[in-house]
Amino acid sequence: MKGATLTALSGTAATCTGIGLARFAYVPLFPAMVAAGWVDGAEAGLLGALNLTGYLIGVGGVRALARRV
């Protein structure tokens, strides 16, 4: 690989890693969101479940993407 391509891929991987980790940053905020009335307990549970689902889809999708690349 050329230098610029390798640099771009490294930056993309770092960005995707940051986004993946940030996906879990708001989970500790659920109690405060419920206390503030933004969501109720069931909605907070649904948000957590959707968060996990997105993570699992991402993990499964990256394998297919890696095979193509």
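The values are calculated or read from the model by the stated rules, or taken from the named source; none is laboratory data. Small disclaimer: the values here were computed from a predicted structure and weren't measured. Quick reminder, even Gly has a Cβ in these numbers, built from the backbone with ideal geometry, and neighbours come from all protein chains shown. Only protein heavy atoms, including side chains, enter the accessible area calculation; ligands, DNA and RNA are left aside. Shrake-Rupley method; radii C 1.70, N 1.55, O 1.52, S 1.80 Å.
Could we say that ALA35 is on the phi < 0 side of the Ramachandran plot and open to solvent by 70 Å² or more (accessible area, probe 1.4 Å) here? Here the answer is yes, as ALA35 does meet what is asked. Looking across segment 38-69, the residues that are among the β-branched types (Val, Ile, Thr) and in a helix (DSSP H, G or I) come down to THR53, ILE57, VAL59, VAL62.
Does LEU52 meet the test of being loosely packed, with under 10 Cβ neighbours inside 10 Å and within 11 Å of the chain's Cα centre (by Cα)? When the stated conditions are applied, LEU52 does not pass them.
Selection of first residues in segment 55-69 that are on the phi < 0 side of the Ramachandran plot and hydroxyl-bearing (Ser, Thr, Tyr) and of second residues that are open to solvent by less than 70 Å² (accessible area, probe 1.4 Å) and in a helix (DSSP H, G or I), restricted to Cβ pairs under 8 Å at least 6 apart or on distinct chains, gives the following pairs, ordered by first then second residue: TYR55/GLY20. Among the residues in segment 46-54, are any touching a helix residue (DSSP H, G or I) at 6+ places or on another chain (Cβ under 9 Å) and within 26 Å of VAL69 (Cβ to Cβ)? Within segment 46-54, not a single residue is touching a helix residue (DSSP H, G or I) at 6+ places or on another chain (Cβ under 9 Å) and within 26 Å of VAL69 (Cβ to Cβ).
Residues that are exposed (fewer than 10 other Cβ atoms within 10 Å of the Cβ), of a type in the set (A, V, I, L, M, F, W, C), part of a helix (DSSP H, G or I) and within 11 Å of the chain's Cα centre (by Cα) occur at least once in segment 8-30.
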